[in-house]
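Each remark here refers to the structure printed beneath this line.
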Amino acid sequence: MLGAPLGNPGDASTRLRAALQEADVIAAEDTRRLARLAADLGISITAKTVSYFEGNEERRTPELVAALRRGETVAVITDGGMPSVSDPGFRLVRAALAEGVALTSVPGPSAVTTALALSGLPCDRFCFEGFPPRKSGERRAYLDDLADERRTLVFFESPHRIADTLADLIAAFGDDRPAALARELTKTHEEVRRAPLGDLAASVATDPPRGEITLVVGGAVPGAVVVQGAGDLAAAVAALEATGTPRKAAISAVAKAHGRPKRDVYAAVVASR
């Protein structure tokens, strides 16, 4: 398993360079990006190079295991960060272990720990949740289950889903939960937005982020009351509306998240006008 730079080739280690040059087979998530990385590093790759991504991982794993059985050195590299961490690689690791094949890892940058370190949020205890479910209903239920998690949470998300995910986070966690949105880590346009979820949602609505996103969210505070009164209810609805959520849907989400009747939330919104 080869840890690849997240974007800046200057983060490539000496071991990564050597592993790429010495491997017999390289399984790459994107062979074109591998070629660009090799060019950036000024190295030549003589290994047999094959694609290894979500769409062909199951089919290609037996081929790679067969190469390992022949005594060949197989290197797995993804577009950035560590293979297996929300990337291809897990199937091959399990299959290789089942065959008794020796494994090792060339460590490299991680978007999880990089974003966590830059977030300004507690780093002593955290949990990585990967990509939230794509479907709205599943995502809301999933986030509701995490609302009481006290550890700092780290998510991956795509630019075209980040607004909806923030809206669901607000419904589950409240709009004042501290968070940080990191994008394009280590790259030219690296940016970290640090703000409560409600403010982050508003910033995403007015200035949609591009590129790969890592979202860090503070853990729940024991005994904290997410919503206290009518003003808070109205503010929570307004934060959701700022992300593009229709008012009716926002009222329903806030009511569900905080165990309040929809009529109370609606009354709070009317009273705030």
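The values are calculated or read from the model by the stated rules, or taken from the named source; none is laboratory data. Everything numeric here is computed off the predicted structure, so don't read it as measured data. Backbone-built Cβ (ideal geometry, glycine too); neighbour counts: all protein chains shown. Side chains are part of the model used for accessible areas, which takes the heavy atoms of the whole protein and leaves out ligands, DNA and RNA. Shrake-Rupley method; radii C 1.70, N 1.55, O 1.52, S 1.80 Å.
Using a Gaussian network model of the chain in which every pair of alpha carbons under 10 angstrom is joined by a spring, one finds that among Ala96, Ala180, Ala236 the greatest mean-square fluctuation is at Ala96.
Once the convex hull of all Cα atoms in the stretch 1-43 is built, its volume per residue stands at 74 Å³.
Solvent-accessible surface of the stretch 1-159, averaged per residue with a 1.4 angstrom probe and all protein chains in place: 52 square angstrom. Its Kirkwood hydrodynamic radius, worked out from the mean inverse distance over all distinct Cα pairs, puts the stretch 92-251 at 16.7 Å. Evaluated over the chain, the count of Lys pairs having alpha-carbon atoms less than 26 Å apart is 5 (only pairs 8 or more residues apart or interchain). The Rg/Rh ratio for the stretch 128-205, using Cα coordinates for both the radius of gyration and the Kirkwood hydrodynamic radius, is 0.94.
Compute the angle between helix 136-146 and the longest alpha-carbon principal axis of the chain, please, reported from 0 to 90 degrees and rounded to the nearest 10. Relative to the chain, helix 136-146 is tipped by roughly 90 degrees. Of Gly244, Gly42, Gly211, the residue with the greatest mean-square motion in the GNM of the chain, using alpha carbon springs below 10 Å, is Gly42.
Express the carbon and sulfur contribution to the solvent-accessible surface of the stretch 132-273 as a percent, rounded to the nearest whole number, probe 1.4 angstrom.
Numbers: 3400 of 6840 Å².
The value for the stretch 132-273 is 50 percent carbon and sulfur by accessible area.
Quick one: work out Rg over Rh on the C-alpha atoms of the stretch 1-151, Rh as Kirkwood radius. Don't skip to the answer; put the middle values down first.
Values: Rg = 17.3 Å, Rh = 17.0 Å.
Using Cα coordinates only, the ratio equals 1.02.
Taking label points 7 Å from Cα along the Cα-to-Cβ direction, Asn56 and Ser44 give a separation of 2.5 nm. Of Glu99, Glu29, the residue with the largest accessible area leads and the full order is Glu99, Glu29 (1.4 Å probe). Taking the longest Cα principal axis of the chain as reference, the axis of helix 162-173 is set at about 60 degrees. Restricting the calculation to alpha carbons of the stretch 180-273 gives Rg and Dmax of 15.4, 48 angstrom.
Report the charge-dipole magnitude of the chain in Debye, nearest 20, computed about the Cα centre from +1 at each Lys and Arg Cβ and -1 at each Asp and Glu Cβ. Intermediate values should be presented prior to the final figure.
On the way: 33 positive and 35 negative charges, 92 e Å.
Around 440 debye, computed over the chain.
Quick note on the stretch 234-273: its Rg to Rh ratio, both from C-alpha atoms and Rh being the Kirkwood radius, is 0.92. In the elastic network of the chain, a GNM with C-alpha springs shorter than 10 Å, the most mobile of Thr152, Thr214, Thr188 is Thr188.
At the residue level, Lys135 shows approximately 140 square angstrom of accessible surface with a 1.4 angstrom probe and all protein chains present. Can you pull the percent of Cα pairs in the chain with separation above 31 Å? Taking all Cα-Cα pairs of the chain, the fraction more than 31 Å apart is 38 percent. Counting heavy atoms of the protein chains alone, Ser84 has an accessible area of about 50 Å² for a 1.4 Å probe. Can you give the % of DSSP beta bridges in the chain that are antiparallel, to the nearest 5? Antiparallel: roughly 55 percent of the beta bridges in the chain. Summing charges over neighbours of Gly42, with a neighbour being any other residue whose Cβ is under 13 Å away from its Cβ, gives +1 when K and R count +1 and D and E count -1.
For the stretch 55-105, what is one quarter of the convex hull surface built on the Cα atoms, given in nm²?
Working: hull surface 14.0 nm².
Mean projected area of the Cα convex hull: 3.5 nm².
Angle of helix 247-257 to the longest C-alpha principal axis of the chain, folded into 0 to 90 degrees and rounded to 10: 80°.
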